[in-house]
Amino acid sequence: MAKVSAELRKTLRESPNDTFDLIVRVEGELQERSAEMNAMGVNVKRQFKLTNSLQIRCSGAQALKLAREDWLVRADTNRPVRALGR
Amino acid sequence: MEAPENKIVNGLWRSIESAPNSDSQISVILRYRSTQRVMRYTEYMPGVHFGRRYRLGPYSQLEATPAAIRTLAASPDVVRIYQDVAMRVFLDSSVPHIHVPYVWEQALTGKGIKIAVVDTGIDQSHPDFQGRILNTYDITGETVQDGCGHGTHCASIAAGSGAASKSKYRGVAPEASLLIAKVLRNDGSGMMSDVMDGVEWAVDQGAQVISLSLGEAGSSDGNDPLCDLCEAAVQRGVVVVAAAGNEGPMGYSVGSPAAAPNIITIGAASDLDRIAEFSSRGPTADGRVKPDVVLPGVDIIAARAQGTSMGMPLDAYYTSASGTSMATPHAAGLCALILQADSKLKPADIKKIMMDTARDLGYGPNAQGVGLADAWAAVKGLIGNPQPTPIPEPEPTPSPDPSPIAKIGCLPGLLKMLIK
């Protein structure tokens, strides 16, 4: 499976300067990956140890750069959810 | 012959007298002297819109103006005219409907089991939760106090004690402990990452069951970060139940996290064993059958968070709401009962038990899964020589509107019989 869906990749390419809220799954230590991303200027918001994932905020260009890293397993857009009662 | 005015039941008089104008239509149920006396000609009476005729008894339903109701009452063929009243599923009927009281008789009430409700927070002052909230976690920055009402309602369906209602609105596992993660703001919305945070917190807190009455719109293939995290929680031994969604009746309407393969995905049914129109239907975007089972989720009365107006408030402590959100905590409570019966069971075992013992409602698998989950059927195989005392299932009671008709005990039961 692709690290980044074709749809998201297209959006990132078309808007390299826009900010994106993403959830990325990585290989390796979360702390280490967080530090690497911070060094790239990526804002790491949260870590999810159950799935070795991070919530990040970054530009489209930064996201595309991250996608080239060997340790990046997958990137998805953080999406809205809502209560299902009325 | 009885006077016409005596045939009109009190609550209906009130509606007639308060009708805004002479053309106002009031929904009524007519009882005739005999089945042969059901007046088909009412279809053509001025001011009457004929609704339906019932086959099992001398009744018909129609809408009529105040003047037409008086005319009908004057007919010697008409015995009584009742106001048609809204029917609701109360917790005190939805819980018996899935045979939970039989399980309580076996001293299985969820005691010692931790249920995490990941939602809009909780009203910690509500009497139905006193002493059983183990810990809370607020991700929204609004405090864990539930300003929406959704999380409180869901928590009480799973584990409310019914203390504020003399046990009438008691949840499925009324002695279970609660872990509350507030991941949705008071407007009922949040982000996938917030839910992930709440689920992870719940796992860290030792939750044995996680209840997710939330989700994203649209169709999911179960391959996204939230589904992955729920799957990881299941692999850690935690049972995760999630609402199928309210995008039915169209197919391919199960979103995330409901589409995660190994969680238990819950659709909604009424207490008349009909799948709710709104209940999301499978298959998932990648063609798998969902939901897994259905549970009551239509007009459920459960705890109301102080100062909120979600659903249709009944009083200061209870409100009525519908959705797969309401069906899901029924499942969470049921999982707690199963776990109390046998704490060694793994999430896959619990899912299998729940599905193997569900009752087929006759719908397709992408509407009902395998059918309506049944607490007693699920638990009785786990305990030795069970001997439940039959507990009559209460009839649904009418609208919380304090109409005098609510005092006529036979009518709701009668209506239920007729509808069935």
Estimated vicinal HN-Hα couplings, Hz - the stretch B:252-263 in sequence order (Karplus 6.51, -1.76, 1.60; Gly, Pro = x): 6, 10, 8, x, 9, x, 4, 7, 4, x, 9, 7
If the stretch B:45-150 were replaced by its equivalent ellipsoid, with semi-axes equal to the square roots of 5 times the Cα gyration tensor eigenvalues, what would those be, largest first, whole Å? 49, 21, 11
Hey, for a label at B:Met250 modelled as a point 7 Å past Cα toward Cβ, could you say which residues of the stretch B:189-230 have their backbone N under 11 Å away? B:218-219
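With a 1.4 Å probe and all protein chains in place, put B:Ser161, B:Ser343 in order of accessible area, largest first.
Numbers: B:Ser161 30, B:Ser343 90 Å².
These residues rank, largest area first, as B:Ser343, B:Ser161.
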Under 5 Å between amide hydrogens, which residues at least 5 positions from B:Ile264 or on another chain qualify, with H placed 1.01 Å from N in the peptide plane? B:Val240, B:Val241, B:Ala242
Pick out which of B:Asp204, B:Asp286, B:Asp92 has the largest mean-square fluctuation in a Gaussian network model of chain B, springs linking Cα atoms closer than 10 Å. B:Asp204
Residue separation between B:Gln205 and B:Ser167 times 0.36 nm, minus their alpha-carbon distance, gives in nm 10.8 nm
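Please work out how much length the chain gains when fully extended from B:Asp138 to B:Lys352, using 0.36 nm per residue of separation minus the C-alpha to C-alpha distance, in nm with one decimal.
Numbers: separation 214, 0.36 × 214 = 77.04 nm, distance 3.31 nm.
Contour length minus Cα-Cα distance gives 73.7 nm.
Roughly how many Å² is the accessible area per residue of the stretch A:6-77, as a whole number, for a 1.4 Å probe?
Details: 3750 Å² over 72 residues.
I get 52 Å² per residue for the stretch A:6-77.
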Distance (nanometres) between label positions extended 7 Å along Cα→Cβ at B:Arg236 and A:Asp21: 2.3
Round to a whole number: what % of the accessible area of the stretch A:6-77 belongs to carbon and sulfur, probe 1.4 Å? 42
Given points 7 Å out from each Cα along the Cα-Cβ axis, report the B:Gln130 to B:Ser24 separation in nanometres with one decimal. 4.2
Between B and A, buried accessible area summed over both sides at probe 1.4 Å, in Å² to the nearest 100? 2700
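Just checking the output field for B:223-233: average partner chain Cβ neighbours within 10 Å of each residue's Cβ?
Working: counts 3, 5, 15, 7, 1, 9, 5, 2, 2, 6, 2.
Mean partner shielding for this stretch: 5.
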The protein assembly as shown, helix-only ellipticity at 222 nm - DSSP H runs n ≥ 4, -39,500 (n - 2.57), divided by all residues, nearest 500: -8000 deg cm²/dmol
Go through the stretch B:233-248 residue by residue and turn each phi into a ³J(HN,Hα) via Karplus (6.51, -1.76, 1.60, θ = phi - 60°); whole Hz please, and just put x for glycine and proline. 5, 4, 5, 7, x, 9, 7, 10, 10, 9, 6, 5, x, 10, 9, x
What number, in percent, do you get for the relative contact order of the stretch A:6-77 if the mean sequence gap of Cα pairs under 8 Å and at least 6 apart is divided by its residue count? 45
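Taking each pair of different alpha-carbon atoms in the protein assembly as shown once, compute 1/r for the pair, average those values, and report the inverse of that mean as the Kirkwood hydrodynamic radius in Å to one decimal. Let's see the in-between values first.
On the way: mean 1/r = 0.0410 Å⁻¹.
Hydrodynamic radius (Kirkwood, Cα only) of the protein assembly as shown equals 24.4 Å.
What average number of partner chain Cβ atoms lie no more than 10 Å from the Cβ of the residues making up B:199-210?
Details: counts 2, 7, 0, 0, 2, 2, 0, 0, 0, 0, 0, 0.
Rounded to a whole number, the mean comes out at 1.
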If I compute solvent accessible area with a 1.4 Å probe over the protein chains, what percent of it on chain B is carbon and sulfur? 49
What are the ³J(HN,Hα) values, in whole Hz, obtained from phi via the Karplus relation 6.51 cos²θ - 1.76 cosθ + 1.60 with θ = phi - 60°, for each residue of the stretch B:215-223 in sequence order, with x given for Gly and Pro? x, 9, 6, x, 9, 10, 9, x, 10
Keeping all protein chains in place, calculate the accessible area per residue for chain B (probe 1.4 angstrom), answer in Å². 37
Using only atoms on other chains, find how many Cβ atoms lie within 10 Å of each Cβ of peptide B:282-289 and report the average. 0
Residue with peak Gaussian network fluctuation, chain B [Cα springs, cutoff 10 Å], from B:Pro174, B:Pro257, B:Pro58: B:Pro58
Residues of the stretch B:163-193 that become at least 20 Å² less accessible with every protein chain present than in their own chain isolated, using 1.4 Å: which are they? B:Gly188, B:Gly190, B:Met191, B:Met192, B:Ser193
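The values are calculated or read from the model by the stated rules, or taken from the named source; none is laboratory data. Everything numeric here is computed off the predicted structure, so don't read it as measured data. Neighbour counts are summed over all protein chains in view; Cβ atoms, including those assigned to glycine, are modelled from backbone coordinates with ideal geometry. In case anyone asks, the SASA skips ligands and DNA or RNA and just uses the protein heavy atoms, side chains included. Shrake-Rupley method; radii C 1.70, N 1.55, O 1.52, S 1.80 Å.
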